[in-house]
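The values are calculated or read from the model by the stated rules, or taken from the named source; none is laboratory data. Just so it is clear, the model here is predicted, and its values are computed rather than measured. Neighbour counts run over all protein chains shown; Cβ positions are idealised from the backbone, glycine included. Heavy atoms of the whole protein, side chains included, go into the accessibility calculation; ligands, DNA and RNA do not. Shrake-Rupley method; radii C 1.70, N 1.55, O 1.52, S 1.80 Å.
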Amino acid sequence: MAFLLAALMPTTKAEGFSAKEVVLEHIKDSHDWHVTDIKKADGTLEPIAIPLPVIVKSSTGWHAFMSSQFEHHAHDGVRPLKADAPAELQGLAIATEGEHVGKILENGEPVTDLSITKTVAVMFINVILLLCCILFSARWYKNHKPSDNAPGGFVGAVEMLVMYVVEDIIKPGIGKGYEKYVPYLLTCFFFIFTCNVMGLIPFPPGSGNVTGNIAVTFFLAFCTFVIVQFSGKKHYWKEIFWPEVPFLLKCPVPLMPVIEFVGIFTKPFALMIRLFANMMAGHAIAVAMPCIIFLVASMSAGVFYSMSAVSVIMAIFMMCLECLVCFIQAMVFTLLSSVFIGMARAVPEHE
């Protein structure tokens with residue numbers, strides 16, 4: 001598709017095209033859902049975007065309106081309200097540069113913002129899609145007996161995936177008593193996997209960089225952190241505050257207890273950063289590859305067509321790799337969460 005686009009636009013100029021802006025536009029959050037740009041007769045670009053609900057508290061109280069009330073184009077580093085916007089909203093604007101970029105400001109100062117941004121909207125869509133898939137599969141089991149033949153098609157694929165996660169990831173990682181953690185860990189796996197796959201779709205309802213948002217990965221890691229601490233047995237806490245190491249390593253200077261205590265927080269931190277960094281980097285590279293076409297558009301025809309072919313091949317390769325990464329990252333998060341829970345529940349062999 002990208003090669004066809006390049007072939008139809010041999011006179012495309014690289015001037016005015018910023019690969020950095022294109023990549024950032026895809027991976028960052030926003031108050032509207034940008035789809036594409038249309039070139040007008042005067043040569044300017046008119047953005048096509050899906051407006052999203054804006055919920056803010058300003059000096060005049062709480063306000064709820066659609067993001068279409070803001071101008072599409074920035075002026076002096078902000079996207080101001082349209083001239084016909086209600087009077088009580090005047091003073092609000094979306095910052096496009098500076099330390100508050102992407103945030104809603106009132107006279108230059110941030111406001112309390114509970115808006116449904118692009119990431120939140122995509123997350124809701126992903127959750128609804130995931131619920132439909134799971135409930136559809138559950139309905140099959142409700143209408144069949146255990147003695148019936150195994151399901152096929154979509155339901156069979158879901159069962160195969162569930163059994164793989166439970167039998168090969170959760171059960172070995174946690175060990176005895178793993179059953180009560182299965183609902184949470186399966187939820188993490190399928191939620192991350194769904195968000196990752198939907199993020200590969202370049203148009204609504206996909207294109208959202210949910211797991212590439214550190215706030216989302218922070219919450220998932222925090223949930224695992226809480227479960228690990230509440231699942232910890234006395235041996236787990238003993239190994240943290242009084243580990244079986246030489247006495248001088250824990251008294252009078254509690255060197256090992258401090259290291260073990262810091263380890264409580266580094267584990268969920270690693271979960272958060274690993275998922276966030278891998279998915280954000282994958283999306284950025286996949287989007288950056290087709291940008292080569294437009295960056296070399298002003299060069300000779302030979303360079304243009306050859307680099308266009310290279311960029312398309314690399315883009316296809318990265319998209320295939322991203323499909324694999326979508327599954328691997330969901331699996332790794334579930335695996336590490338299972339291992340951390342299992343470590344907290346472990347008891348010495350002599351007990």
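Using DSSP H assignments, which helices in the chain have an axial alpha-carbon span of 20 Å or above and a mean Kyte-Doolittle hydropathy of -0.5 or higher? Membrane-span-like by this rule: 118-142, 182-198, 214-231, 255-295, 301-345. Given the choices (1) 25.3, 81; (2) 20.6, 67; (3) 20.3, 63, Rg and Dmax of the Cα atoms in Å derived from the coordinates of this structure is entry (1). Within segment 109-254, the ratio Rg/Rh, alpha carbon atoms throughout and Rh by Kirkwood, equals 1.11. Put simply, the C-alpha atoms of segment 33-154 give a gyration tensor, and the ellipsoid matching it has half-axes of 43, 19, 12 Å, longest first.
With a probe of 1.4 Å, find how much accessible area segment 173-302 has per residue, and write the answer as a whole number in Å².
Spelled out: the 1.4 Å probe surface of segment 173-302, per residue, equals 50 Å².
With q set to 0.17 Å⁻¹, the log10 of I(q)/I(0) for segment 183-256, from the Debye formula over equal scatterers at the Cα positions, is -0.76.
Local charge for Gly173 was computed over the other residues whose Cβ lies under 15 Å away, with Lys and Arg +1 and Asp and Glu -1, and equals +2. Available extension along the chain between Ala150 and Leu129 is 5.2 nm, counting 0.36 nm per residue and deducting the alpha carbon span. Taking each DSSP H run with n ≥ 4 as -39500 (n - 2.57) and averaging over every residue of the chain yields -18000 deg cm²/dmol at 222 nm. Expressed as a whole percent, the accessible area of the chain that falls on carbon and sulfur atoms is 70 (1.4 Å probe).
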